[in-house]
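A.B. asks: Please find one structure pasted underneath; my questions will follow.
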Amino acid sequence: MSETLLYEGKAKKIFTTDEDGVVLHRFKDDATAFNAEKRGSWEDKGKTNAAITTALFGYLEEHGIPSHFIEQVDENTIKTKKLDMLPVEVVVRNVAAGSLAKRIGYEEGTPLRSPVVELYYKSDALGDPLLNWRHFQELGVSDEDLEFCEELGLRVNEALWPFFDERGVTLVDFKIEVGKDETGTPMLADEISPDTCRFWDKETGERMDKDRFRRDLGGVEDAYAEMLRRVTEAKS
Ligand code: ADP
Ligand code: UDP
């Protein structure tokens, strides 16, 4: 099967293949933060995130949330539908952390009354700013698509919160992306992993996600490995 590099991002390389409408996502061991000002890399990051993403997209599919995911093809690589991505990063939060804690003046760890959804403009040049619906309208993103993004974010949260809770993890917040297939049908895309979520141990509050890298907390490899173990552990 011939592969052509379509796009190299910060965490993944996207390849087209002989199969029409299908792409491969090869997860890299590289990590970036603060709009790529901070860079790092560790062994097994790519394969850990590929395995976690595979497990979570599988779980979501079983719970009525289809995505671009088709199958995992090797340790670092998943096969998905090729989509036209919306320039939107959908963030859903259950507990104040990171930029929300700063924005609204909450201490990190404060539970939110109900899940908060935010829409960021996916633009490295601008540093992914938080925009409102009118800004997105100006940029040509339809209200219908924004509504889909927000509703999907909340549905993913409703499905994943109990999944992680059962595994001793608080799903503090996460980011998803949305793309449209050739018929114009929007769906969940990209990845769901410790790179794109905040996972806190329910008992100890320990962070088991990319904040260990962002904030130089140490133990990042072990934290990702522990999340893989919890995500893939069998539950009745
Ligand atoms: P970034 O672009 O932020 O550096 P990545 O390294 O994760 O991020 O690159 C993956 C890229 O692939 C992202 O730009 C993402 O929007 C895009 N993408 C995710 N899912 C699909 C898909 N099914 N089809 C096409 N592109 C996708
Ligand atoms: N997030 C992401 N990609 C981004 C920005 C944020 O995956 O480009 C995730 C991040 O890992 C966290 C959530 O979205 O789970 C909310 O991030 P926040 O805005 O608090 O980001 P910070 O500024 O703290 O990185």
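The values are calculated or read from the model by the stated rules, or taken from the named source; none is laboratory data. Computed from a predicted model, the values in this text were never measured in an experiment. Heads up, the Cβs are rebuilt from the backbone with ideal geometry, glycines too, and the neighbour counts pull from every protein chain shown. The area values use the complete protein model at the heavy-atom level, side chains included, leaving out ligands, DNA and RNA. Shrake-Rupley method; radii C 1.70, N 1.55, O 1.52, S 1.80 Å.
A.B. asks: Inside region 1-61, counting only strands (runs of 3 or more DSSP E) that do not spill past its ends, which hold 3 or more residues that are open to solvent by 20 Å² or more (accessible area, probe 1.4 Å)?
C.D. replies: Because the criterion is at least 3 residues that are open to solvent by 20 Å² or more (accessible area, probe 1.4 Å), the strands (runs of 3 or more DSSP E) in region 1-61 that meet it are 4-8, 12-16, 38-41.
A.B. asks: Out of all the residues in region 63-86, is one or more within 16 Å of ligand 2 (Cβ to nearest atom) and assigned to a loop (DSSP other than H, G, I, E, B)?
C.D. replies: Looking through region 63-86, at least one residue is within 16 Å of ligand 2 (Cβ to nearest atom) and assigned to a loop (DSSP other than H, G, I, E, B).
A.B. asks: I've got another one for you. Sort out which residues of region 202-231 are within 12 Å of ligand 2 (Cβ to nearest atom) and among the acidic types (Asp, Glu), and write them in order of number.
C.D. replies: Asp209, Asp211
A.B. asks: Taking Ser99 and the conditions (1) closer than 24 Å to Lys28 by Cα; (2) within 9 Å of ligand 2 (Cβ to nearest atom); (3) hydroxyl-bearing (Ser, Thr, Tyr), which numbered condition does it fall short on, given that it satisfies the others?
C.D. replies: Among (1) closer than 24 Å to Lys28 by Cα; (2) within 9 Å of ligand 2 (Cβ to nearest atom); (3) hydroxyl-bearing (Ser, Thr, Tyr), the lone unmet condition for Ser99 is (1).
A.B. asks: Counting just the residues of region 131-182 that are charged (D, E, K, R) and touching a strand residue (DSSP E or B) at 6+ places or on another chain (Cβ under 7 Å), which one comes out farthest from Val95 (Cα to Cα)?
C.D. replies: So, considering only residues that are charged (D, E, K, R) and touching a strand residue (DSSP E or B) at 6+ places or on another chain (Cβ under 7 Å), the one farthest from Val95 (Cα to Cα) is Asp181.
A.B. asks: Checking the structure you have, find out if any residue of region 187-201 is more than 9 Å from ligand 2 (Cβ to nearest atom), closer than 26 Å to Gly21 by Cα and surrounded by fewer than 21 Cβ atoms within 10 Å (Cβ to Cβ).
C.D. replies: Within region 187-201 (the criterion being more than 9 Å from ligand 2 (Cβ to nearest atom), closer than 26 Å to Gly21 by Cα and surrounded by fewer than 21 Cβ atoms within 10 Å (Cβ to Cβ)), the answer is yes, since at least one residue qualifies.
A.B. asks: Hey, any hits in region 222-235 for a residue that's touching a Ser or Thr at 6+ places or on another chain (Cβ under 6 Å) and either farther than 11 Å from Ile52 by Cβ or buried (at least 23 other Cβ atoms within 10 Å of the Cβ) (or both)?
C.D. replies: yes
Here's the yes/no breakdown for (1) under 16 Å from the mean Cα position of the chain (by Cα); (2) within 29 Å of Lys235 (Cβ to Cβ); (3) modelled with pLDDT of 95 or more; (4) among the polar types (S, T, N, Q):
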site: Pro129; (1), (2), (3), (4): no, no, yes, no
site: Trp133; (1), (2), (3), (4): no, no, yes, no
site: Gln137; (1), (2), (3), (4): no, no, yes, yes
site: Trp161; (1), (2), (3), (4): yes, yes, yes, no
site: Asp181; (1), (2), (3), (4): no, no, yes, no
site: Met187; (1), (2), (3), (4): yes, yes, yes, no
site: Lys202; (1), (2), (3), (4): no, yes, yes, no
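A.B. asks: What is the residue count in region 108-122 for residues that are within 14 Å of ligand 2 (Cβ to nearest atom) and free of Cβ contacts under 8 Å to residues at least 24 places away in the same chain?
C.D. replies: 3
A.B. asks: Could I ask something else about it? Looking for whichever is within 16 Å of ligand 2 (Cβ to nearest atom) and assigned to a strand (DSSP E or B) here; the options are Phe164, Phe174. Which one fits?
C.D. replies: Phe174
A.B. asks: Additional query: Every residue in region 68-86 that is in contact with a Ser or Thr (Cβ under 7 Å, 6 or more places away or on another chain) and more than 9 Å from ligand 1 (Cβ to nearest atom), please.
C.D. replies: Ile70, Gln72, Ile78 - these are the residues of region 68-86 that are in contact with a Ser or Thr (Cβ under 7 Å, 6 or more places away or on another chain) and more than 9 Å from ligand 1 (Cβ to nearest atom).
A.B. asks: Take the residues of region 123-134 that are surrounded by fewer than 13 Cβ atoms within 10 Å (Cβ to Cβ) and part of a loop (DSSP other than H, G, I, E, B): which is farthest from ligand 2 (Cβ to nearest atom)?
C.D. replies: Ranking the candidates gives Asn132 first.
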